[in-house]
Amino acid sequence: MFDRRLIRYFDWVLLGLTIIFGFLGLVILYSAVMAGDPGTQKILCIKQLIWYSVGLVLMVASFLFNYKMLERWAHAIYVICIMLLIVVLFFGSYAGGARRWLILGPVSIQPSEIVKIAVIIILARYYSKHANIGGLTLRELVMPLIFTLIPFALIVNQPDLGTAILIILIAGSMTVFVKIEKRSYIYITAFCFISVPLILFLLKGYQKQRILTFLNPDRDPLGAGYHIIQSKIAVGSGMISGKGFLQGTQNILAFLPEQHTDFIFSVLAEEWGFVGSLVMLLFFLMLVVRGLSIAYGCRDTFGAILAGGITILIFWQIVINIGMVMGLMPVVGVPLPFISYGGSSIITMMICIGILMNISMRRFMIE
Amino acid sequence: MGKYLKTADSDWFKQRLIVVMYCVIAAFVVLICRLFYLQVIEGNEFRRLSENNCIRLQSIDPPRGLIYDRNRVLLVDNRPSFDLSIILKDAKPVDDTVEKLSGYIKVPADVLMSKIKKCKGISIYKPFLLKRDIGRDALAAIEAHKYDFPGIEINVRPRRHYINRQIAAHLIGYLSKINSDELKSGKYPACRSGDFIGKFGVEKAYGGYLRGKPGGRQVEVNATGQVVRILRTVDARPGHNIYLTIDLKLQQKAEELLEGVAGAVAAIDPATGEILALASSPSFDQNSFVNGMSHKEWHALVSNRFRPMENKAVQGEYPPASTYKIVTAIAGLEEGIITKDTRFYCPGHYKCGDRDFRCWKKVGHGNIDVVTSLAESCDVFFYQVGQKLGIDRLAWYAKACGLGSPTGINLDQETSGLIPTAAWKKRRTGIAWQRGETLSVAIGQGYNLVSPLQMLLLTSAVANGGIRYKPLILKTIETAEGKIISDDSLHTKREIAGKLPASRQTLAIVKKGLWEAVNGRKGTARIARIDGIAVSGKTGTAQVVGRQQDEDSDEEDRAYHLKPHAWFVAFAPSDEPKIAVAVIVEHGEHGSSTAAPIARELIRTYLSSSRVVE
C-alpha cells in the first residue's frame, strides 16, 4: 500500500541540510577537542559520529509512520517522558553538581532533552483542538500551563536552568503563535506586573544575586563573566577570514570553557572567521525558514502547529546558544543544535528533523 | 480536527506564520550584526588580546578565621606562605629556568623537572605549583632576580599557624589537604584539590564558619607572564573568628600536668557548662599537618602505643571505678534502699553466692554509713546497695546521670560509653546476667565504660545542684569585622541536657561524702586539699582486666598495661562551685596518688587567677 507520492513529496532540502550540519559539526568538533589529549579527542569524535548515525536511524524512524499517530499517542509520550524525569530526580547520576543523566549500560541519556519534544507534541494536540480566530481564553490556557510547569519544575530541580527556561520559552512562543485572546493578554500582563516584584521580594539575598548574575554575567568576573570574555575574544579574534582550521589559539590553549559543548560556536568563529560563521548562520536560517514553510504548507492544524513548535525549538536553541557565546544572552547551558557534542542533544535534533520531514512528505494527504 | 485551516480563515493562520518568519529573520539579523561587530569592527582588538593570551584568572585564598580562647587570647592564626609556581608557556626555556631556580629554593633541578613531567595534562598556561612556602629569604632572592625567571609566579597564601605548639591540639584539631574521597563526597562543594580543610576538632566541626570565601582577579599579563594590569578583582571574604570557652592558662597548666603520662583532663564551669580545659596526652604538633608530614612521621603518630591522635577526654572509654559510687549512692538513696543513717558492716570482704568480693581495705571499714563510704571509698557498702538495687535499676540511674550516651559536645567521634543491663548482656553474649556481676558494676568495674567528659558532666551536675548542662566549647563566633553571628545550631548558649535523678537532700548527702573524701580525717583524696579552698572530690582506681596483649610486647610494656587507671573527679569551692574537673591517668595506679594532685593544681591555678576571684 505504499503511496509513491511519499517519495515525490520527500523533503530533500531538510535531508541535505542535516547532512551538511553533521559534516560541519564533526569538523568543528574535531578542532574543538584539540585541547584535550589525543586519546580522548579521538574517542569524542567517534562517539559523536556514532550519535549522528543513531540519530539518522531515529530520524528515518520518525518519518516512516504517519505523524497523526503522534496526536493519538501524545499523552502516552508525555507521561513516559515525565516519568523518566522523575526517575532521573531519584536515580540519576550526579555530575557537576546536578542530576541530569540516566546511566543505561554504556550510554547515559539526558531525558530533559527529549522532554522538549513531548511538550511540543502535547501542546500541538491541545492547541489543534482549541485554537480559534478569537484566540485562547484564560480557561483554555490552564491545561497548557500545567503541561509546561510539570517538566519545568522537574528540570529546575535537577538543576538545569537552561533547559527549564527553554521549555517555558517554547511553550510560550507556541501559545502566542496560535493566538491568545486580547482579554487574556491583559490579564497575563497584569499578573506578571504583580507577581514579579512579589517573587523578587520573597527571594533571599543570594538567590537575587544569582538571578542578577544570570542576567548580567559581568557581575561574576571569576565565573560566567570570565567565560564570556574569553568566548568574545575567541569570536572576535577570528576577524573576517578566521585563523584557519585547527589554528584557533583560544581554542587550542583551553581558554574556552566547555568548548566542545555549549561554547563550540566560538571555536567555529575563531577558526573560520566572519565568513565561516555567516555561512553557518545562513544554514541555520535556511533550516528555520524551511521548518516554517513546512508549517505553512501543512493543511492540518495539528501538523501545522507541531511543525511550528519544533521549528521554534530549533530556533530558540540556535539564538540562545549563539547569543550567549557572543555575550548577548545570559550564560545558560543550551547546546547548539547538530554541532555541540552530546548524544541526547544530537538525537533530539534528528528526531525533530524526522518529524518535520514526516509532516512535509504527508502534506498531500488532506487534499 | 482542522477546524479552521480548511476554511477561509486559513489565510489568517498563514498571516501569523509570516509574522513569525519576520521575527526569525530579525533575530538572525541581530546575530549577524553582533558577529560583524565582534569580528570585523572590534576584530583587531580581540585578535591582539588573543595573541597575547593575556587574560588570566588568579585566585585569592581567603584568610581562615582565627581561633581565640575565652579571654580573647589568640590560639590560631595565619601566616603568609610564599608559594612558587611555574607557567610553562612563559618559562621558556623551562630547563634553564628550573636549573637556576633550584639553587634558590634548595631543591635539586631533576626533582623539580620530574615533578613537572609527572603531571601530564596540565595546561601550559596555568600556574603549576612547584614548592609551597619557600620562605622569606628565597622570596627576596627570587624577587631580586625577577627578570631571570620568566614564567615564575610567587603567590602569597595565608597558611594556618598554631601558635602554642601542642596546646589543645585535640580540641582545636588541625588542617590538612583535602583527599580525593572527601572531594567526591560532595560535602565540600567549594573546595578544589590541594585545598586545606579541617580534619579534626573545632577546625572540622566549625570548618564552614572558619573557611571564608575565595576571591579572584582577572589580570592582563605580558609575554613573560608578568601582570601588567588588574582588570577585575573580587575580594576574598575572610572566615569567621571563633572564641572558644577554654582558658589558655588553665589549658597550658593541664597539659603541663599531664606531661609524661597518657591520660586526659577536662574542666568545666558547673554554672554554665562551658568547658574550661580539655587536654589529652600525649599531644601532637598541629603545624606538622599543615606543613605536610612524611609517611614515616604519620606512621609514627598513628602507631604510637599511647595513641596521641585520640582525644582521650572525649573518645576514651574507661571503667569509672570508684567515681561511679556517686551514681550508686544516688540510686540507693532515691530508691529508699539506704538513708543518710543506714549503716552496713564492712569486714573487708563480702560474700555473694560462692564468690568472695573484697573491699580495697583488707581489714575492713567496720560499721559505715553512706557519707563515710563515699569518703573512704568502701566497696562492701556499695556492694550491698548494688545488690539490693539490682542491675537494671542501677543502670537506669546511671543513664539518667548522663552516662552511656554521648554528651553532645560538638566534636568528632565522641564515645557513648557503656552502661550494662541484663537485657544488654543477654543480647550481646547470650548468657544471663549473674548476680555477682551487679556487685562489680556497683563499684564501677565490670562492663561499665565511661569517657572522662561524661564523668566531668556528672560531677558538674552534682556540684551545681543537679542540672546537667550540655558541654559548650564555643563562646561566640564573630565575623572578621567583629559582628556576632547568632545561630541556634552553633551551641554557644547555655543548654540544659537534663537533670540528675536526685532530690536536694540526696545531693546534699553525696556532696557531703565528696567533701569528706578530700577534707575528712580518713578521706581517700586528702592529697587534693588546698588551703583556703574547700575542694570536694572522688577518687577511682580502675582495674584493667582481660586486656589483650601484643605478642611482641616486652615485659615492661606488659607490666605497664596491667597497672590500673587512676581517676579523680572534683569540684571547688564546695559550697559555690566555680570549676569541676575530671582527670584520668592511664595505668596511673592510684587515683589518690597520680590523678588527684593534677586536679588539685588545676583548681588552684583556676581559682587563684584574678579573673575568677573578682
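Keeping all protein chains in position, work out how much accessible area A:Trp73 exposes to a 1.4 Å probe, and write it in Å² to the nearest 10.
Rounded to the nearest 10, that gives 140 Å².
Measure off 7 Å from each Cα along the Cα-to-Cβ vector at B:Ile154 and A:Leu328, then give the distance between these two points in nanometres to one decimal.
About 4.9 nm, to one decimal.
Heavy atoms of the protein only, probe of 1.4 Å, neighbouring chains included. What is the accessible area of B:Met293 in Å², nearest 10?
Roll a 1.4 Å probe over it and B:Met293 shows about 50 Å².
Could you give the dipole magnitude of the protein assembly as shown about its Cα centre, charging the beta-carbon of Lys and Arg +1 and that of Asp and Glu -1, in debye to the nearest 20?
Once rounded to the nearest 20, the dipole reads 2020 debye.
What value in Å³ per residue do you get for the convex hull of the alpha-carbon atoms in the range B:217-334?
215 Å³
Quick one: plug the Kirkwood hydrodynamic radius of the protein assembly as shown (C-alpha pairs) into Stokes-Einstein at 25 °C, 0.890 mPa s, and report D in µm²/s.
Here the translational diffusion coefficient equals 71 µm²/s.
Could you give the alpha-carbon Rg of the range A:45-124 over 2.2 N^0.38 Å, rounded to two decimals?
1.24
Dividing the Cα convex hull volume of the range B:132-256 by residue count, how many Å³ per residue is that?
Enclosed volume per residue, from the Cα hull, is 153 Å³.
Could you give the alpha-carbon Rg of the range A:257-367 over 2.2 N^0.38 Å, rounded to two decimals?
1.16
Using a 1.4 angstrom probe on the protein heavy atoms only, could you order B:Tyr37, A:Tyr52 from most to least accessible area?
B:Tyr37, A:Tyr52
Give me the compactness ratio for the range B:56-244, meaning the Cα radius of gyration over 2.2 N^0.38 Å.
Ratio of Cα Rg to 2.2 N^0.38 Å: 1.13.
For chain B, find the longest principal axis of its Cα atoms and tell me its angle to the long axis of helix B:43-52, 0 to 90°, nearest 10.
50 degrees
Given the Cα-Cα distance of A:Ile103 and A:Val13 and 0.36 nm per residue of separation, how much length would full extension add, in nm?
Once the chain is fully extended between A:Ile103 and A:Val13, it gains 28.9 nm.
What's the angle, to the nearest 10 degrees (0 to 90), between helix B:94-105's Cα axis and the longest principal axis of chain B?
Once rounded, one gets 40 degrees.
Measure off 7 Å from each Cα along the Cα-to-Cβ vector at B:Arg48 and A:Phe283, then give the distance between these two points in nanometres to one decimal.
3.4 nm
Just to confirm my numbers, what's the Cα centroid distance between the range B:252-299 and the range A:98-142 in Å?
62 Å
Would you mind giving the average projected area, over all directions, of the Cα convex hull of chain A in nm² with one decimal?
19.7 nm²
Could you order B:Thr438, B:Thr594 by accessible surface area, starting with the largest, using a probe radius of 1.4 Å?
Correct descending sequence by accessible area is B:Thr594, B:Thr438.
If each Cα of the range B:307-351 is one equal point scatterer, what is log10 of I(q)/I(0) from the Debye formula at q = 0.26, 0.27 Å⁻¹?
Values, matching the q order: -1.04, -1.07.
Work out the FRET efficiency for B:Met21 and A:Arg183 from their Cβ-Cβ distance, taking R0 = 25 Å, and round it to the nearest 0.05.
0.35
How about the range B:456-541: which GluC sites (Glu not before Pro) there lie in a loop by DSSP and see at most 15 other Cβ atoms within 10 Å?
B:Glu481, B:Glu495
Treating the angle as unsigned and between 0 and 90°, give the value, to the nearest 10°, between the Cα long axis of helix B:504-519 and the longest Cα principal axis of chain B.
Between helix and principal axis, roughly 80 degrees.
Give the Debye-formula value of log10 I(q)/I(0) at each listed q (0.11, 0.15, 0.16 Å⁻¹), with one equal scatterer per alpha carbon of the range A:69-202, two decimals each.
-0.46, -0.80, -0.88
Using amide H atoms built in the peptide plane, which far-off residues or other-chain residues are under 5 Å from A:Ile180 H to H?
Amide H neighbours of A:Ile180, under 5 Å, 5+ apart: A:Leu136.
Within chain A, which whole H helices from DSSP have a Cα span along their axis of at least 24 Å and a mean Kyte-Doolittle hydropathy of 0.0 or more, if any?
A:12-32, A:38-64, A:68-91, A:111-130, A:161-178, A:182-202, A:264-297, A:301-325, A:343-361
Roughly what percent of Cα-Cα pairs across the range B:437-581 reach past 23 Å?
Summing the P(r) of the range B:437-581 above 23 Å gives 53 percent of all pairs.
When all protein chains stay in place, what accessible area (Å², nearest 10, 1.4 Å probe) is found for B:Arg70?
Counting only protein heavy atoms, the figure is 50 Å².
Computed over the Cα atoms of the range A:136-187, what is the ratio Rg over Rh, Rh following Kirkwood?
1.04
Rounded to two decimal places and with Rh computed the Kirkwood way over Cα pairs, what is Rg over Rh for chain B?
Rg/Rh: 1.17.
With r as the distance between the Cβ atoms of B:Val302 and B:Asp110 and R0 = 30 Å, compute the FRET efficiency 1/(1 + (r/R0)^6) and round to 0.05.
FRET efficiency, B:Asp110 to B:Val302: 0.40.
Among the lysines, select those whose C-alpha is under 16 Å from the C-alpha of A:Lys179, and discard any that sit fewer than 8 residues away in the same chain.
Counting by Cα, and skipping residues close in sequence, A:Lys179 has these lysines nearby: A:Lys129, B:Lys3, B:Lys14.
Express the Stokes-Einstein translational diffusion coefficient of the range B:191-271 in µm² s⁻¹, to the nearest whole number, given a Kirkwood radius over alpha-carbon pairs, 4 °C and a viscosity of 1.567 mPa s.
75 µm²/s
Put A:Val60, B:Val583 in order of accessible area, largest first, 1.4 Å probe: what do you get?
From most exposed to least exposed: A:Val60, B:Val583.
Compute the FRET efficiency between B:Lys362 and B:Ser416 as 1/(1 + (r/R0)^6), taking r as their Cβ-Cβ distance and R0 = 30 Å, and round to the nearest 0.05.
0.25
The values are calculated or read from the model by the stated rules, or taken from the named source; none is laboratory data. Treat the numbers as computed from the prediction; the structure is a model and nothing was measured. Neighbour counts run over all protein chains shown; Cβ positions are idealised from the backbone, glycine included. We work out accessible area using only protein heavy atoms, side chains counted, and drop any ligands, DNA or RNA first. Shrake-Rupley method; radii C 1.70, N 1.55, O 1.52, S 1.80 Å.
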